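Down below is the structure, laid out as structure tokens.
No value in this document is a laboratory result; all are computed from the given coordinates. This structure is a prediction, so every number in the text was calculated from the model and none was measured. Because the Cβ atoms are built from the backbone with ideal geometry, glycine has one as well, and the counts that use them run over all protein chains shown.
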Amino acid sequence: MGLLPRLSALTRTIRFKLLAGLLALLALSIGVSLYGIWTFERDRYREIAREEALRAAHTLEQALRHAMILNDWEMIRRTVDDVYRLVEPANVGIINNQGRVLASGDPTLLGHRFDFHRAAECVVCHARPQTPPERDVIFLETAAGPVLRNIIKLENSAECRSCHQEDGDNLGVFLYDATFAEVYAMLRTVLFRTILTGAVTFLLVAMLLSLLVGRYLNRPLRRLEEGFNHVGRGDFNHWVEVEAEGEIQDMATQFNVMSQAIKRSFAEIRHKNWETEQLYAFVRRLSQEAEWDRLRRVILELVQDTFQAGRVALLLRRELQEGELTEITWREADDRRCFHREYRLPPPAGELPAWLAQAWEHWRQSPAATPAYSPDRTIALVPLVTQHVNLGLLCLHRPPEQPFRSRESKLLAAVCEQIEVALANARLYRLAVTDSLTGLRNKRYCETALRKLVEAHRQDRHRPFSVLMLDLDHFKRVNDTHGHPVGDEVLSQLAELIRRQLRQDDVACRYGGEEFIVLVTDGPQTGHKIAARLCRAVDEHTFHCAGGLALHNTISIGVAGFPAHGKTVAEVIGAADQALYEAKRAGRNRCQLAGPPTGSAMTAPANNLYPS
């Protein structure tokens, strides 16, 4: 930065403006004070010098009067010379009333005659003819310097009339010129010392003012400015401390209070933004999931990540024809897996984790509609209720050092409202895509799921899937022999068997009548193994129906893979259906893997599913 910008920046500071104003006022006051002192002392010294000169003149006049009475001019001249030599006045002289110099300390003036009305030295007092002089003391500027001329009239007294006539009252004048060079030198010394004293005083006071202004005004203001800079940069932890009292201290205190208030406001705004972002992410993520099973896992993941919960569980109620079913899904601390269980009655002790069993028991005993927290606020039990329908319970466990705060409780309540909406929508969606008899997905859902699997494979060629088409063997005999209600019970129990044998990501659908389709998110070999497991499970199962009726039924399954056995959904379904037909023709109670598009199918009977 150049000199001019620095000077410009300096002149804009409050310290410069304040000091400039104070110093200007100080200089003016000191100058006026010194001027008053100087003029007073000057006039006083001049008056003292004038009085001393006048006193000396009268003394000398009285000393010479005796010689003048004796008319001893030789004595008068010697006396004048002695006085001039000892006292060194500018001049001493006697002038008669005709203007002639009778005696003088300056020999060149002896006999000189002055015209009172024309001489420059005389017209100062003799301003107008025929009038007495106006002054008897005057200042004159001479070659020797300034002098004070004292003029003493020599009156024609009685002792003088022995020589002078009685008709005149003025015999002449006695002049005593006192030099003022020493007085003026002394006044100049006084003036110099006065100016020097004023300058030193001004500098000392200026330094003291600068020190005081810097310490008690500029330094606190600098710290306040630094505090404002920190606040402007977003640093609200900066604390301003000033070594001052009064208004500056009050300003610093109020600044600290203000910065802390702004800090709290910003923290509140950031927290609100975080809540809004989290809630938006929650809603966005929940809106992308309509599948009941997937939605449960998504809810657990979002809740655990958002609230830093060590353990989280979701308990959901579902009404079935046989009664109420409780679905429990949970995640443990440091375990990304989701665990899922379904119960119609409370499970035996030890089957569920203790913390989860306690939460379920608390919910069963007091199904409140408002959130409940443990005394240390590390456990939160939030009921999920929509339109007075109790959907379930959300349970969160946090470490002892991270209890739920008030703001987090409010966010949890808002999140649960969105969870309730998502669960309600998922229930409606499940009703739309679920077969009412078996609880499995219906044909409409199956077609949609197949299209999604094909689209996923197009995006990732390493994601094949398999289609298992299965059919109850001789199911028409069951309906014809025992009636359709028994047939419905058999279908319902078969659906439960299928559900138990599948993996979490596999989907079972009722395709129509006694035909079912299972979508396996893996290749045809894995699908064939799952099909074999299903055949064995059904073959080993006894269908207990109403009235104590016990039936034994088997199933046949056709397995086809995408894209191994078809490039489109229709081709894969056709291949699986053809494989099912081959299984039926081969004797039923077996699974059939579709062969190559031009080859034959591979058959495995239920009693020899894994030949060596």
Q: Multiply the residue separation of Ala456 and Thr253 by 0.36 nm, subtract the distance between their alpha-carbon atoms, and state the gained length in nm to one decimal.
A: 66.7 nm
Q: Count charges around Glu291 for me, please; just the other residues with Cβ under 10 Å from its Cβ, Lys/Arg as +1, Asp/Glu as -1.
A: +3
**Q.** Filtered GluC sites (Glu not before Pro), the range 317-371: DSSP coil and at most 11 other beta carbons within 10 Å
**A.** Glu322, Glu351
Q) Residue-wise, which Karplus ³J(HN,Hα) couplings in Hz belong to the range 570-582, taking 6.51 cos²θ - 1.76 cosθ + 1.60, θ = phi - 60°, and x for glycine or proline? A) 4, 5, 5, 4, x, 5, 5, 5, 5, 5, 4, 4, 5
Q. For the range 416-485 and the range 224-263, what is the separation of their Cα centres, given in Å?
A. 66 Å
Q | Ranked packing of 36-43, 568-575, 531-538, most packed first, by mean Cβ within 10 Å | A | 531-538, 568-575, 36-43
Q. So what is Rg over Rh here for the range 234-284, counting just Cα atoms and using Kirkwood for Rh?
A. 1.30
Q | Ordering of 517-524, 469-476 by packing [mean C-beta count within 10 Å, highest first] | A | 517-524, 469-476
Q: Would you mind checking which residues have amide H under 5 Å from Phe114's amide H? H placed 1.01 Å from N; only 5 or more apart, or other chain.
A: Arg100, Val101
Q | In nm, spacing of pseudo-spin labels at Met75 and Ala414 (7 Å Cα→C-beta vector) | A | 12.6 nm
Q: Find how much the distance from Arg100 to Asp335 grows on full extension, using 0.36 nm per residue of separation minus their present alpha carbon separation; answer in nm with one decimal.
A: 70.9 nm
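With 32 Å as the limit, write out which pairs from Lys476/Lys567; Lys452/Lys476; Lys452/Lys584; Lys263/Lys410; Lys272/Lys452 have Cα-Cα distances beyond it, or answer none.
From Lys476/Lys567; Lys452/Lys476; Lys452/Lys584; Lys263/Lys410; Lys272/Lys452, over 32 Å: Lys476/Lys567; Lys452/Lys476; Lys272/Lys452.
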Q: Starting from the Cα gyration tensor of the range 315-397, take the square roots of the eigenvalues, sort them a ≥ b ≥ c, and report rounded, prolate or oblate (rounded when a/c is under 1.5, otherwise prolate if a/b is larger than b/c, else oblate).
A: oblate
(Q) Quick check: pseudo-label points 7 Å beyond the Cα along Cα→Cβ at Val32 and Glu268, how many nm apart are they? (A) 5.4 nm
Q: For n ≥ 4 DSSP H runs only, could you compute -39500 (n - 2.57) per run for the chain, divide by its residues and tell me the 222 nm figure to the nearest 500?
A: -17000 deg cm²/dmol
Q: Mind giving me the FRET efficiency for Ser8 and Asp136? R0 is 56 Å, r the Cβ-Cβ distance, nearest 0.05 is fine.
A: 0.30
Q) Can you give the angle from 0 to 90° between the axis of helix 443-459 and the longest principal axis of the chain, with both taken from C-alpha atoms, to the nearest 10? A) 60 degrees
Q | the range 359-495: mean projected area of Cα convex hull, nm² | A | 14.0 nm²
(Q) If packing is taken as the average number of other Cβ atoms within 10 Å across a peptide's residues, how do 483-495, 576-588 rank, most packed first? (A) 576-588, 483-495
Q. Could you give the Stokes-Einstein D for the range 289-433 in µm² per second, using the C-alpha Kirkwood radius, 25 °C, 0.890 mPa s?
A. 158 µm²/s
Q: Based on a Kirkwood Rh over C-alpha pairs, give the Stokes-Einstein translational diffusion coefficient of the chain at 25 °C and viscosity 0.890 mPa s in µm²/s.
A: 66 µm²/s
Q. So what is the relative contact order for the chain, in percent, with contacts set as C-alpha pairs under 8 Å and at least six apart?
A. 7 percent
Q: Taking amide H positions as placed in the peptide plane 1.01 Å from N, state which residues far from Ala290 in sequence (5 or more) or on other chains have amide H under 5 Å from it.
A: none
Q.
From the mean inverse distance of alpha carbon pairs (Kirkwood) and the Cα radius of gyration, derive Rg over Rh for the range 443-608.
A. 0.98
**Q.** Cα long-axis angle, helix 73-87 against the chain (0 to 90 degrees, to the nearest 10)
**A.** 20 degrees
